[in-house]
Structure formats: structure tokens, C-alpha cells
1. Going through the range 30-46 one residue at a time, which ones are over 17 Å from VAL18 (Cβ atoms) and in contact (Cβ under 8 Å) with a residue 12 or more places away in the chain?
2. Give the residue that is nearest to GLY105 (Cα to Cα), with candidates limited to residues of the range 18-36 that are of a type in the set (S, T, N, Q) and at pLDDT 95 or above.
3. Pull out all pairs, ordered by first then second residue, where Cβ-Cβ is under 8 Å, the residues are six or more apart or on different chains, the first lies in the range 3-17 and is within 15 Å of ILE111 (Cα to Cα) and surrounded by fewer than 12 Cβ atoms within 10 Å (Cβ to Cβ), and the second is at pLDDT below 90 and among the basic types (Lys, Arg).
4. What are the residues in the range 20-38 that are surrounded by fewer than 17 Cβ atoms within 10 Å (Cβ to Cβ), more than 14 Å from the chain's Cα centre (by Cα) and not small (Gly, Ala, Ser), if any?
5. Looking at (1) free of Cβ contacts under 8 Å to residues at least 60 places away in the same chain; (2) crowded, with 19+ Cβ neighbours inside 10 Å, which one does MET70 not meet, given that it meets all the others?
6. Kindly check whether there is at least one residue in the range 113-126 that is out of contact with any strand residue (DSSP E or B) (no Cβ under 7 Å at 6 or more places or on another chain) and either at pLDDT 95 or above or small (Gly, Ala, Ser) (or both).
7. For the range 18-29, enumerate the residues that are without any contact (Cβ under 8 Å) to a residue 24 or more places away in the chain and of a type in the set (Ser, Thr, Tyr).
8. Check every one of the strands (runs of 3 or more DSSP E) wholly within the range 10-127 and list those with 2 or more residues that are among the β-branched types (Val, Ile, Thr).
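The values are calculated or read from the model by the stated rules, or taken from the named source; none is laboratory data. Just so you know, these numbers come straight off a predicted model, no measurement behind them. Neighbour counts run over all protein chains shown; Cβ positions are idealised from the backbone, glycine included.
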Amino acid sequence: MKPANIKKLQNRSRGLTVRRVTRDTYAVASKSQPDLQHIVTVTMGPDGAIRGRCTCPWSHHGGFGCVHVMAVLHTLAARKKRRLSFWPTLEEAERQHKRVLRLAGGHNDAIYITSRPLPRLPRPEAA
């Protein structure tokens, strides 16, 4: 089950704290329950699709692409000085004229991801 408000989740995911636990596993702090952390596993499938699993209730009820998985993907992209955008359809993602990645869900469903470089900060002027 794909989330309905992908752009809203995308914005919420940018404010979450992510901590790497192992190579593919991350702990993501819950915004609604600060003492709670969700465990997220992100892997790349042999077909090139990204697979994300989370321990949150949304995922337990068949959902994929939760805010916690998005937060991990944002963190991984930021390490490469990239910024991600998530799209509900391939057509919307392709209109961005960027490389398109696929976050795989169940039953051939997917969320599409585009990536662009982070904006460069202006250099401080010499005094």
C-alpha cells in the first residue's frame, strides 16, 4: 500500500533524526513519540530497485515508503551531497528530467525518486 500524501511525508521525513546501526540498518527517531525509535533496513535489489522495511505501524499493516524509510534515504543522499524528491508515478518523476530510482512496494507498486545536487552555499568573500 503506497502512501497517499507522498509530498507531505517527504517534508516530514527531512526533520527526523537517523542513526546508522549496521551497514543496511538504521534507527529513526519517532517525531510523535520521542522515546521511540523505528528500525529501518534499506537494500538495493538485484533489479536495481530500492527496498525499505520499517518497524512502524504503517509498515506492519502492509504500507511501504513510510516517513522513516524516506528519512533514511534523505540521509544517505545528503552524504553524497544530493537531495531527493519522491513521486507517486513514473510519469511525474520523468518530468523532472533527472535519473529516476524506484522504491519498490508490494504487488509491482512503487514510489519513484529523483535526485539532484544540493545547492552550493556561497563562498565567503575575502576580507
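1. Matches in the range 30-46: GLY45 only.
2. So, considering only residues that are of a type in the set (S, T, N, Q) and at pLDDT 95 or above, the one nearest to GLY105 (Cα to Cα) is THR25.
3. none
4. ARG20, VAL21, THR22, ARG23, LYS31, GLN33, PRO34, ASP35, LEU36
5. Evaluating MET70 over (1) free of Cβ contacts under 8 Å to residues at least 60 places away in the same chain; (2) crowded, with 19+ Cβ neighbours inside 10 Å leaves (1) as the failure.
6. Yes, the range 113-126 contains a residue that is out of contact with any strand residue (DSSP E or B) (no Cβ under 7 Å at 6 or more places or on another chain) and either at pLDDT 95 or above or small (Gly, Ala, Ser) (or both).
7. THR22, THR25, listed by residue number.
8. Per the criteria, 25-29, 37-44, 110-117.
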